[in-house]
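Each value in this text was obtained by applying a stated rule to the coordinates, not by laboratory testing. Source: prediction; values computed, not measured. Note: ideal-geometry Cβ built from the backbone for every residue, glycine included; neighbour counts use all protein chains shown.
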Amino acid sequence: MEMFGNIRCVTYGELVGSGILSEPTYKKYVRCGKIRIVQRGGNGRKALIDYDSLYDPVREVYDSHNPDAVQKIKEQYMSNILIPDPKAVEYYRDKYRLPDGSGLTDKKQAEYVLNAEVMNEMIRVESNTRALHSKCGFIRKAQVWEAVEGTCDKLREAYGHTLRNSRLREKFNQYKKEGYAALVSRKVGNQNTRKIGTEEARLLLKLRRSRVPVYTEMQIFEEFNHQATLRGLEQLKSPTSVRNFLFSPAIQPLWFAIVHGELEWRKKYSALLKTEQPSLRDSVWYSDGTKLNLYYRNESGKICTTSVYEVMDAYSEVLLGYDIAPGEKFDSQFRAFRMAVETAKVKPYEIVNDNQGGHKKLSAQDFFKKICRLHRFTAPYSGQSKTIESVFGRFQTQILHKYWNFTGQNITATKQNSHPNMELILANVDKLPTLKEMKQLYAECRNEWNESAHPATGISRQDMYTMSENPLTVPVTELDMIQMFWLKSKKPITYTNSGLCIEIGKRKYEYEVYGANGLRDESFAMKHTGQKFHVLYDPRDMTLVELWYETADGLKFASGATPKVSVHRAIQDQEHEETVQMRAQIEASKANRAAMLLLMENFDKEEGIALEYFGLNTPKTKGLSDKKMRGYREEYEDGTLIPPVQLPPKSEQPEESDQVLEFSDVGEYTKELSNFTFDDVDRYNRY
């Protein structure tokens, strides 16, 4: 059987050649009209007979001999192969958004992409079938749809798509008009199925941000249902709905700052720069002070700890210089840098440290300019920007933890082996090393660290440092050491109400001790007028001196003194693109912080929960000046500064004027809660 235009036909050979009819009978039926010929044979053509015109007994015999003939004719227009559609993948993955702004799940994406590919194939079959029919000058729509629907059935068996035969033709026509969107069920993301609408969302956010009073999650659930009744909103059935909403990624930035502090919001949401470690030694030196995590026994036989200030080469992680002294003080920092320069025998290209007071003094006196080309501070309130902190952590866990007098890591560490065994230490106080012995032990630990393998290369840190060369660093000579570092005056100098006067090389220098405000440090002057000091100075640069005084144990540092301070900084040899990018990112992070603060400030005022309404003050923003904040506020009010996260929109229906909403009574808040757990209090008492 085959098609002649849109007519199903059988051939002369299928009737006569197969023995269904004899040739005389065939000719008789043709003359009687029991068989209608649509194409006569001859000149290479087959004689074709209309299948539907066959005499009924003849058709029955033919069907018994060829039971699948009709189905095969239908299937020759059908298809069972799908062609991938990348545009459908892109649409359902990236472009299509549900009414709440979210996207489709991965399962729904796969389902709709497969259905779109099936629809594409059905469109192709329809077009090809119409083209074959039109060759004969006419088209039967019923037979065309049979081929299209049959294609859908065959592809369902082969691929398992979810297009159903009910209303298939309607969906097919809709797809041809609307495209991919026609396949998405209207039930997916239906707003009517949402448990929390815009008004409910604002109420939950208000309760979470409230500081007077502060609600727990269960109290938020109870208070929400109480106020929802007054407002005519739908109540929540479970506290889980409260938690799922408040801790969703899109909502959490709206309350995180008021609950945990703005600095914690910054750590969690402000963008972090991606940086790469230096490729040469002495490109960058990091310096910082930390607790020296080894207990020792003082002269009175008591357990003590102290601090250490370290200078590290960022390329190799070699610890170059250090000083052990309580606190992160100016004199300790100075001695550590001196040791680092003596060890490296070169001036580093760049030095990076935090913005502590001792560093400010060194920077103000141009100390760093004398030993490096570039000096900069890490970002304030941003511990993750200090690479040396990571080294301290690994140094503690890999080296120091092996000793029984290890103090443990930072108090925020959660691992069990990060805490000291105080029972063992308290039982062996008399066996703890002295301060001198502990310093020697720490020196051995530093050597072990420097000789151990670097995690990136597998060779020792010291070998990495030794084998590397930096052509941009300047070797240090003996004259450089004299110029960079200091000498002690031959005799003590008395401090008077006019300060200190020291004569070097028949030239007099007058110094004074200044406070952080640039004025004379009156506290220091009252305590030390008339006292004699040994003056440490740099003979090549008299812009800064140190004052030391005699004690029974030896010299102790008192303070730094200077004539007048002239502060200036210069950044050289930095790529322009890198500078622009870094500044742009930092400014963007600041603007985002300000925008969120202003957004939630307006929300708190609107909802009547601003701290000022309860006689409290909102904490000032760290790292942003008032002038900067005023500029951000003007941009925010002009609409040019847009917060990265928006509040849920208000309802268009105004609330009734006689409706009063207040917080329910959750108890009296008259007791200040402790910030310590019982474990913290116990550990604090032991120390």
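Details
- For the listed residue pairs Lys436/Lys488; Lys95/Lys627; Lys490/Lys527; Lys329/Lys370, the alpha carbons are over 30 angstrom apart in Lys95/Lys627.
- For Tyr315, the amide hydrogen comes within under 5 Å of the amide hydrogens of Asp282, Ser283, Val284, counting only partners 5 or more places away or on other chains and with H modelled in the peptide plane.
- Karplus-derived HN-Hα couplings along segment 297-302 (A = 6.51, B = -1.76, C = 1.60, θ = phi - 60°), whole Hz, x at Gly and Pro: 10, 7, 5, 8, x, 9
- Here segment 213-341 was treated as a single set of alpha-carbon atoms; its pair distances binned every 10 Å from 0 give 10, 21, 18, 16, 16, 13, 6, 0 percent.
- Paired Rg and Dmax values of segment 1-67, which use every Cα atom, in angstrom: 11.0, 31
- Volume per residue of the convex hull around the Cα atoms, evaluated for segment 147-228, comes out as 164 Å³.
- Burial ranking of peptide ranges 395-406, 198-209, 50-61 (average Cβ count within 10 Å, highest at the top): 198-209, 395-406, 50-61
- Share of alpha-carbon pairs per 5 Å distance bin for segment 203-263, given as whole %: 4, 18, 29, 26, 16, 5, 2, 0
- Stretchable slack from Ser625 to Arg36, in nm (0.36 nm times residue separation minus alpha-carbon distance): 202.2 nm
- Each residue of segment 278-284 is assigned a 3J(HN,Hα), and the resulting list reads x, 9, 9, 5, 6, 5, 9 Hz, derived from the Karplus form 6.51 cos²θ - 1.76 cosθ + 1.60 (θ = phi - 60°), x at Gly and Pro.
- Along each principal axis, Cα extent of segment 268-340, largest first, Å: 49, 35, 21
- Proximity of backbone amide H atoms, modeled 1.01 Å from N, is registered between Ile504 and Tyr509 at under 5 Å, excluding neighbours fewer than 5 places apart on the same chain.
- Taking amide H atoms as placed 1.01 Å from N in the peptide plane, the amide H of Leu292 lies under 5 Å from those of Thr306, Ser307, Val308, each 5 or more residues away in sequence or on another chain.
- Applying 1/(1 + (r/R0)^6) with R0 = 22 Å to the Cβ-Cβ distance of Asp463 and Lys402 gives a FRET efficiency near 0.45.
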